[in-house]
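Worksheet: one structure, shown below.
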Amino acid sequence: MSETIRILAIESSCDETAAAVVENGRRVLSNVIFSQIELHKLYGGVVPEIASRKHIEKISQVIEAALDESGMTLQQMDAVAVTYGPGLVGPLLVGVSMAKALCFATGLPLIGVHHIEGHISANYIENQQLEPPFLTLVVSGGHTHLVIVRDYGVYEVIGQTRDDAAGEAFDKVARAIGLGYPGGPKIDRLSAEGDPLAIRFPRAKVEDSPYDFSFSGLKSAVLNYLNGCEMKGEAVNRADVAASFQKAVIDVLVEHTMEAADALGLPRLAIAGGVAANSSLRMAFVHACEEKKIAFYHPSPSLCTDNAAMIGAAAYYEYRSGRRSGLDLNAVPNLKLGER
């Protein structure tokens, strides 16, 4: 397809209100994000009702800013894309409702995008040479998936968490050692001051499912360690706890992913999602991929967290394949990857 396709994309699945204009799936003309982190810090996590209300308040402003930044108008777009799942149902409904209203008013086609597909597609933006097939690890606050990208829009999930997502474990452990929300970036920073070998936390394996993950036991082990120190009156070195916990998570993520890449013979590996911004995780994959001679791809940290540019990238390939959504599109909070 030689024509230029420009898509206005909207993302509101959790606590970021985002809009972007993306050209041909790889060139970002604008990417505007309003983050609600400061609002939710008080509660130690995202409060869906507060998130929904703030999305309603900000979404029009964010879309207008994205169009202004791109130097284009809504009438110059070829389609409107929006995340319709998975995520928090209230925030999702705000984005879906706005996208449908814009399409109804302008006659532009509507493209519903899977949130995880968006995270995977963030890799296309800065890695122009990356094309399917490849293996990708999606790690975020709500998801830990090991996925074969067979083709654009064609996915096979070969592994996932059986309990807590990796990012969820980061948040819970950060709260336990008094770092607050959001936990991932704070543990990453504090870990640089600690000894990752100071405490031996468990690395879980799921019997008969070598590519699945489990972080619930690790989280419990950290809490038990902290409680044990408190009962014995021993001081807790928070940096050592953070570094040892982080190493346990990274060891499991890297080991399972590299085992899959090796077994499947896939020469390309990408990571995606909020936890993919973790500096130690990225370095661990750099070393592992160099050893296995596997090409490694990852988005910049700003494209790892929720944003609309990744939704625009995914939507382009949906548009190119002829897929469109009707104005009856609804939010699907538990949408599985590959469902339509």
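The values are calculated or read from the model by the stated rules, or taken from the named source; none is laboratory data. Remember, it's a predicted structure, so these values are computed and weren't measured experimentally. As a convention, Cβ positions derive from the backbone with ideal geometry for all residues, glycine included, and neighbour counts pool all protein chains shown.
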Quick check, is Leu281 surrounded by fewer than 24 Cβ atoms within 10 Å (Cβ to Cβ) and within 15 Å of the chain's Cα centre (by Cα)? yes
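Identify, please: which residue in the stretch 212-230 is charged (D, E, K, R) and under 24 Å from the mean Cα position of the chain (by Cα) and is, among those, nearest to Gly159 (Cα to Cα)? If you could, list the steps in order and put the result at the bottom.
First pass over the stretch 212-230, keeping only residues charged (D, E, K, R): 212, 219, 230.
Pick out the ones that are also under 24 Å from the mean Cα position of the chain (by Cα) and you get 212, 219.
Working: Asp212: 4, Lys219: 20 Å.
So, considering only residues that are charged (D, E, K, R) and under 24 Å from the mean Cα position of the chain (by Cα), the one nearest to Gly159 (Cα to Cα) is Asp212.
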Scan the stretch 46-66 and give yes if some residue there is among the hydrophobic types (A, V, I, L, M, F, W, C), touching a strand residue (DSSP E or B) at 6+ places or on another chain (Cβ under 8 Å) and surrounded by fewer than 21 Cβ atoms within 10 Å (Cβ to Cβ), otherwise no. yes
Criterion (in contact with a strand residue (DSSP E or B) (Cβ under 6 Å, 6 or more places away or on another chain) and β-branched (Val, Ile, Thr)) met by exactly one of Val236, Val254, Val275: Val275
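Tell me whether the stretch 259-266 contains one or more residues that are in contact with a Lys or Arg (Cβ under 9 Å, 6 or more places away or on another chain), exposed (fewer than 14 other Cβ atoms within 10 Å of the Cβ) and part of a helix (DSSP H, G or I). Quick ask: steps written out before the conclusion?
Filtering the stretch 259-266 down to residues in contact with a Lys or Arg (Cβ under 9 Å, 6 or more places away or on another chain) leaves 261-262.
From what's left, exposed (fewer than 14 other Cβ atoms within 10 Å of the Cβ): 262.
Going one step further and asking which of them are part of a helix (DSSP H, G or I), we end up with 262.
Yes, there is a match, as at least one residue in the stretch 259-266 is in contact with a Lys or Arg (Cβ under 9 Å, 6 or more places away or on another chain), exposed (fewer than 14 other Cβ atoms within 10 Å of the Cβ) and part of a helix (DSSP H, G or I).
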Restricting the search to the stretch 301-340, which residues are of a type in the set (Gly, Ala, Ser) and within 19 Å of His143 (Cα to Cα)? Ser302, Ala308, Ala314, Ala331, Gly338
The lone exception for Lys41 - which of (1) without any contact (Cβ under 8 Å) to a residue 24 or more places away in the chain; (2) more than 25 Å from Tyr319 (Cβ to Cβ) it fails: (1)
Criterion first (of a type in the set (Gly, Ala, Ser), more than 21 Å from Pro301 (Cβ to Cβ), touching a residue at least 40 places away in the same chain (Cβ under 8 Å) and surrounded by fewer than 16 Cβ atoms within 10 Å (Cβ to Cβ)) does Gly71 satisfy it? yes
Among (1) over 24 Å from Gly312 (Cβ atoms); (2) of a type in the set (Asp, Glu); (3) not assigned by TED's automatic domain parsing to the domain that holds Lys247, there is one condition Glu126 misses while meeting the rest; what is its number? (1)
